[in-house]
Structures are given as structure tokens and as C-alpha cells.
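> The structure that follows is given in the form of C-alpha cells.
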Amino acid sequence: MFLNASHFINRSSSLNSSSSTPPTECPQKSLYDSEESESLFVVLLCWFVCLSASEEHLSGGSGSGSCSNSLLHSCVSRAVLCMCCLCVQVNLSPGHMFDKDVELFVYYQDTHQPSAIVEAGVATAPPGSLMRDPVVMISLYPEFPEELMKSLATQGEFVFVIDRSGSMGVMMNQGKGAQMRIESAKDTLLLLLKSLPMGCYFNIYGFGSNFESFFPLSVEYNQDTMDQALKRVKEIKADMGGTEILQPLKHIYSQPCYPDHPRQLFVFTDGEAVDTKEVLDLVKSHAHSHRCFSLGIGEGASAALITGMAREGSGHAQFITDTDRMQPKVMQSLRFALQPAVLNISVDWTLPDDVTVDTLSPPINVLFQGQRTLIYAQLKGESSGGSEGTVTVKYSLKDQPVTNQLHFCLKPTEETQLSIHRLVARTLIRSLEQKERSGAADVEGIRSRMVELSVQAGVSCVHTAFIAVNKDSRQTVKGPLLKRRVKYINFALWIAGSAFTMERSGVQPVVAATCCFVESAGRPVLKPARRRSLKPAPAPELQKDPSLQLVSLQKASGCWDLDATLADVFGKTEDELTNQKPAQVDGSVWATLLALIWLYGCKIEQQVEWQFVAMKAASWIGSQKVGDLSQCVCVGNVLLGCQVTKETLGI
């Protein structure tokens, strides 16, 4: 088995969400110790012959360190690295039947060290084309010091823009116990409101065919304004018609910004705007004064709109599909908004006079913790003198300047696989597809360029496809493509029996088609069905998530009250909580401590959702100057049946 290491470099460095740290207990061995610091990574061979061990490793469970030497030796007899440091030859032990998973894990060496790789082009390609010239790939994965990431912003203006169009009344998925999209958005707003820092500013907008806001202007976050907002959140319905986001954005941008409170915009939508280009231009024109985080809900959300708003607003885009939960993804965006980010990214090239460079990657405005990026460039011309180029990458992290200077060879070894060239082509094609979807002027020119790149590089686009050709028969296949008759289902806007009328004056009742199967041999044709007005269907009664119940009881300052409602979340009575209260703490401190113990002890798998709620609580307890908290934690553990430490709680 031969494995090309450069392929794994490119694939791995394009995955923003991949882990950069190998399991601490897994045996690992550097396959080379070369002085060529251009190399990106250390290869770790972890061959799992037990499926359960593989699953534990991938899930990040305690079993991730279970790959022992005996387990490795049971299927791998030897691994040999060739001198070029690009290929690994792996021989499996005799008798291995491939009846269980075999996995290869590739990890970086010097994870956060930027690198530059040059790949030669094809001499037979047309002059001046992408495939003819050498290309450079720069990998940038900034390091965020741990102490820096603990310093969350306590200032800012947070504006949440919620799609309240009719389609938000559709279920998140077809699974049992699924929520309506609007109900999931309301739960998410609860988490967001409880997670905001004291002293910041916030507002909430709802939009459809028109828009409305909770407050005329963003208001300071405190107990009173939070209570007002939560009361309004409970009243939110999917009753505002279409998906017209341009006007609410114009209204938001017309509002003055608060000094020392940078504006952070969060947009939730499940549709597609008819004026996507105008929306993106508007966001871009205000990029200097805010950041935009966008969330696409369901398969119908416009990728051009969601990714475009995040790109132009130096934010982050998320998509919720199928059985995804909305809350974890939104809270990740909030974490990005509260934590420092890499800004002011610049790339400067130093090359011989007869060599020029074209940067092919879209501009990079921002990078958040855990994100990496690849920067591509095309080198043009022949160097008659110097054989080395230099690229300087600069950025700032929490107002601290960072500079990285990389050197690379201008005369790389001839490459046959062209992995980096194809990655460059893919990046260019995706950028052109984005322009086409956004309604750019020269549509024909964009399509022509896409097809040209696709054919040259062998990378598919929306206007090309791979065709399998059977050369064995040596006969030309003639005739049209055969069409296969398939059944499909005709979904109206509302699923029959689940739709409801718009409860607004002047709006006609929604009329929905019943669901029907249609057979077609060509393109789908919607078969008319009997139409009927549908009465409002009540939302299904779902059992409230206990963690959301707990979060809903938290005060804006971060504390909880010791009462029967809190005790009910724990499955206890108020007397049980009160009788076990240590003498040195008051009721609010005891209640807040119990809430933290319960979250860390019983709901740790949802930590990404309540992490800021817990941080506020821990900060509030710390401000109370309570003595001997360790004893209080021990008593709380016994009461709730948990085993957490004071250090785990962050107090």
C-alpha cells in the first residue's frame, strides 16, 4: 500500500474543524527528522483493528488512547518512509482479511507554523494557463494562546435578526420529537440572551415581508431589559410572510454605533433573498463597523446569501440541516464573536525582477480560533538569477502584530500529480460559482472561465460533469440517454395537515396542495392536487429540555434563586436543597453552585451550549467572596449525585 503524503497535507489543511492535536496516549513517531522545515507534518500510523476502538477515538471519548503497541503490531508489520519524505509504504501482517477498519491518522508537525509549498506546472499546458505555471500554497493556522482565549469580551452590541417568514413554521426534520424551526430559534434566543455579558447592548429584529424590533434602539443588557426581551421571544411566531432581509439590514446600519461597543450581527434565515447582490453589497459597505454571523436553516437556505454575508462581514457562516441542533452552532458563532480574532491579514511577496505573482485566493478578512486557511498564488515568468522567493504574512491578534516570513524555491521538482494545481482550480471555480449565483454582470464570461478551468484541471463545476467511458468494447455507443421512470413526492410549501393560516389582518389564508406521488420520465412536472384551506395546527407539545429549563431561570448577573422551580430541575424538593445548604453561603450562592455542579455533572455533553452561562455563574460566585467553597462543592456533589471538582467549575 503506497500513500502519498502530499495528498494528505492538502486535504488536511483544508479542514477547519479537524483536530490539530494527536491523542496524548497514542504512540506516535516522527517519520522524518529532516532540516527541511518546509515539510508540514508528522505522520502518525494508528491502525485500528477493533471497530469499537476506532469509534471511541473518533468520538473523543476516554477510549481514544486505546491503541496499544500490541494492537498496532497485530496488523502492521512495518512502515517505511521514502527519502523524499512524500511517500509511505505500509505492509500489513500476513493473514489480515480487511474484515475490520484500518485507519491512517495524519498529524502536523509544528502545527501553527506557517508553510509554503511550490508545485511545478505541466510543460505541455497552454502558455500562461494555470496548469502551465508553478503555483504556491501557503498554509496559515494561527495559534491562539490559552490565556488569551480565556479573556472574553465584556463589551459589544449584539443584534439578532430572526427570519419569521411562513416557512419557519416547518419542522426542523421529520424525526420523532422534532421542533418547528421557529421554536428552535426561540430556544436559541433564550440561550443567547442568557449568555450575553452584563453591560453590553443588544436588540432583536424579526423580518418577513416587513420587519419589527424589540426596542427602537439597542438597549443596555441588564435584568430588566433581559426580562422584557424574553417575554417578547415567547410571542414570536412564523407569521411575517416572505423573506425580505434588505430593509431590516438598512435600518440596523442606519442606527448609530455605541462607542467601545463593536457591533456583532447574527442573522437566522431559512430562505433565499431575491436581492442577494444588494444585501451582500450593503453588508460589505458596513464591514468596517461590524461583523456579521449568519445561520442557514434547512436545505432551502441560500448558500450564496449565508456564506456571502459572513464573508463580507468578516464573520462566520453555519448551516443547520437534517437532524442538526441549532443551539451548538449558534453558540459557536457567539464564542467567535466574544473571543479575539485574527484581523488585518496581509500577504507580501518578494521575488526576482523577472517573476511576477497573481494571488488567486479570495481576500481573507478574519480567522477565528481553530480555523486555518490556504492562500494560493500563480508564479509567472522565468527567473534568470535568484532561485528563491519570499512571502511575508502579517496579521494582528488582540492588537498585537504578528509577522511570519517564509522562503520557497522558485524551481521546484517536476510534479505529476498536480494536487495543489487542482486545489487552486477548485478554489477559483467555487469563487466563480459564487459570482454567478450573486448575479454578476458578465455571466457568459464567468461560465466560459469555469468550463475552461474545469476541463484543464479535471475538477468538476456546475457546468461540467465526468462521463464514464467503456473502452473495452471498442465500439461507439450511439443513441440518446435512457430516462428512468422514478416516483417522487410533490411537497407543497406546507405539509398537508401541518400548515396553518397567517394570523395577520389583511393576509389571505394559506392554501396548500395535498401531497401526491407523480411518475415522470423526464423533468418533474407538478401534478395539481385538490386545494383546500388549512386551519392552524397547534405546535406539538414537546417536553422541555432540562438544561434549557435551568438556563431560563438564571438571572442576567449569572446567579440563580433558591426556589422550588430550580429544585424541580434537579428532581428534588426546595426543602432538600435548603436543608443541605452550608452555613457559610446564602441561598443564591448555594443555588448557583448547585446549578454549576448539575451542568458539569449531568449535561457535560451539551457544554458548548451552556458554556457562557456557566462562565457568568462562576464569575458571579467569585465576586461574592465565599470561604471554603471546596466543602460546598462536596456537599453539592452528594446532594445531586455528581463528582466534579471546584477547579472543573472554574471557581
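The values are calculated or read from the model by the stated rules, or taken from the named source; none is laboratory data. Fair warning: this is a prediction, and the values are worked out from it, not measured in the lab. No Cβ is skipped: glycine too gets one built from the backbone with ideal geometry, and neighbour counts run over all protein chains shown.
> Tell me, yes or no, whether the range 561-571 has at least one residue that is small (Gly, Ala, Ser), over 32 Å from the mean Cα position of the chain (by Cα), more than 19 Å from PRO197 (Cα to Cα) and assigned to a helix (DSSP H, G or I).
There is at least one residue in the range 561-571 that is small (Gly, Ala, Ser), over 32 Å from the mean Cα position of the chain (by Cα), more than 19 Å from PRO197 (Cα to Cα) and assigned to a helix (DSSP H, G or I).
Table: residues versus (1) at pLDDT 90 or above; (2) under 19 Å from GLU143 (Cβ atoms); (3) buried (at least 18 other Cβ atoms within 10 Å of the Cβ); (4) under 18 Å from the mean Cα position of the chain (by Cα).
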{"site": "ASP322", "(1), (2), (3), (4)": "no, no, no, yes"}
{"site": "PRO328", "(1), (2), (3), (4)": "yes, no, no, yes"}
{"site": "THR350", "(1), (2), (3), (4)": "yes, no, no, no"}
{"site": "LEU374", "(1), (2), (3), (4)": "yes, yes, yes, yes"}
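Rundown of residues vs (1) of a type outside the set (Val, Ile, Thr); (2) surrounded by fewer than 16 Cβ atoms within 10 Å (Cβ to Cβ), yes/no style:
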| site | (1), (2) |
| --- | --- |
| SER387 | yes, yes |
| THR413 | no, yes |
| GLN434 | yes, no |
| VAL443 | no, yes |
| SER448 | yes, yes |
| CYS461 | yes, no |
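> I would also like to ask the following. How many of the residues in the range 352-372 are closer than 20 Å to ALA425 by Cα and either hydroxyl-bearing (Ser, Thr, Tyr) or at pLDDT below 90 (or both)?
7
> I'd like the full set of residues that are outside any loop (DSSP other than H, G, I, E, B), modelled with pLDDT of 90 or more and not hydrophobic (A, V, I, L, M, F, W, C), limited to the range 116-149.
GLU119, SER139
> Here is a follow-up. If PHE293 passes every condition in (1) more than 17 Å from ILE204 (Cα to Cα); (2) in contact with a His (Cβ under 6 Å, 6 or more places away or on another chain) but one, which one does it miss?
That leaves (1) as the condition not met.
> Could you say whether any residue in the range 485-494 is modelled with pLDDT of 65 or more and exposed (fewer than 13 other Cβ atoms within 10 Å of the Cβ)?
Yes, because at least one residue in the range 485-494 is modelled with pLDDT of 65 or more and exposed (fewer than 13 other Cβ atoms within 10 Å of the Cβ).
> Next question, about the same structure. Restricting attention to the range 613-640, report how many residues are assigned to a helix (DSSP H, G or I) and either under 25 Å from MET226 (Cβ atoms) or in the same structural domain as TYR221 (by TED's automatic domain parsing) (or both). Step through it out loud before you land on a result.
As a first pass, look at the range 613-640 and keep what is assigned to a helix (DSSP H, G or I): 613-623, 629-640.
Next cut, either under 25 Å from MET226 (Cβ atoms) or in the same structural domain as TYR221 (by TED's automatic domain parsing) (or both) only: 613-623.
So the answer is 11.
> Is there a residue in the range 161-171 that is hydroxyl-bearing (Ser, Thr, Tyr) and not in a strand (DSSP E or B)?
Checked the range 161-171: at least one residue is hydroxyl-bearing (Ser, Thr, Tyr) and not in a strand (DSSP E or B).
> Please tell me if LEU192 is out of contact with any Phe, Trp or Tyr (no Cβ under 7 Å at 6 or more places or on another chain), among the aliphatic types (A, V, I, L, M), in contact (Cβ under 8 Å) with a residue 60 or more places away in the chain and in the same structural domain as GLY315 (by TED's automatic domain parsing).
No, not satisfied.
> For residues that are assigned to a loop (DSSP other than H, G, I, E, B) and either free of Cβ contacts under 8 Å to residues at least 60 places away in the same chain or touching an Asp or Glu at 6+ places or on another chain (Cβ under 6 Å) (or both), tally how many sit in the range 197-229.
9
> Now a separate question. Identify, please: which residue in the range 270-291 is outside any helix (DSSP H, G or I) and hydrophobic (A, V, I, L, M, F, W, C) and is, among those, modelled with the highest pLDDT?
ALA287
> Follow-up question, since we're still on this one. Please go through the range 344-370 and give me each residue that is touching a Phe, Trp or Tyr at 6+ places or on another chain (Cβ under 8 Å) and of a type in the set (S, T, N, Q), ordered by number.
Scanning the range 344-370 gives ASN344, SER346, THR359, SER361, GLN369.
> Could you check how many residues of the range 413-463 are closer than 20 Å to VAL118 by Cα and in a helix (DSSP H, G or I)?
Going through the range 413-463 one residue at a time, the tally reaches 13.
> A follow-up question, please. I'd like to know if the range 124-131 contains one or more residues that are of a type in the set (S, T, N, Q), under 28 Å from the mean Cα position of the chain (by Cα) and not assigned by TED's automatic domain parsing to the domain that holds HIS290.
no
> Inside the range 542-591, can you point out the residues that are among the aromatic types (Phe, Trp, Tyr) and in contact (Cβ under 8 Å) with a residue 60 or more places away in the chain?
The answer is PHE570, and nothing else.
> Sticking with this structure for a sec: Can you find even one residue in the range 250-261 that is buried (at least 20 other Cβ atoms within 10 Å of the Cβ) and either free of Cβ contacts under 8 Å to residues at least 40 places away in the same chain or assigned to a loop (DSSP other than H, G, I, E, B) (or both)?
For the range 250-261, residues buried (at least 20 other Cβ atoms within 10 Å of the Cβ) and either free of Cβ contacts under 8 Å to residues at least 40 places away in the same chain or assigned to a loop (DSSP other than H, G, I, E, B) (or both): absent.
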